[in-house]
Amino acid sequence: MKQLVVATVLLLSSLATAQDVLVVQINAKWNKANTATDLRGLKNCEYVFGWLEDQPYEIQSSIASVPVVVVYRDNVAKMQYTADISLKLNATFEEIQTLVNSLKESE
């Protein structure tokens, strides 16, 4: 997991803007039906999506299941949501938004 966090932070650090909460989702193209597309509507954060196949080998090899959603605050991973055996993410939009809001409030 540390490899995933470090590699993703390095990869996406250039994407970070003034917002200090970043939500990253990675899924595989063969599993695109299970992408949590509604995450584009998250408030108070930046949202980035990437296909697993388009990531560097270091990131691909560190991901055990897709989709995966990682929530960062100030480039530090605060929570990682991963799919279960059904290849679907069990975290809801509301759950992720609540986490983002709580991270913003604790600034």
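The values are calculated or read from the model by the stated rules, or taken from the named source; none is laboratory data. A quick note: this is a predicted structure, and the numbers were derived from the prediction, not measured. Positions of Cβ are generated from backbone atoms using ideal geometry, with glycine treated the same way; all protein chains shown enter the neighbour counts. Note: areas computed on protein heavy atoms with side chains; ligands, DNA, RNA excluded. Shrake-Rupley method; radii C 1.70, N 1.55, O 1.52, S 1.80 Å.
The accessible-area ordering, largest first, of the residues R40, R73 stands as R40, R73, per a 1.4 angstrom probe. Using a Förster distance of 22 Å, how high is the FRET efficiency between W51 and S106, based on the Cβ-Cβ distance and rounded to 0.05? Result of the calculation: an efficiency of 0.10. Among the listed pairs K29/K78; K29/K88; K32/K78, a Cα-Cα separation exceeding 21 Å is found for K29/K78; K32/K78. Modelled this way, with points 7 Å down the Cα-to-C-beta line, the labels at K32 and E95 are 2.6 nm from one another.
By a 1.4 Å probe calculation restricted to protein chains, T37 has an accessible surface near 80 Å², given to the nearest 10.
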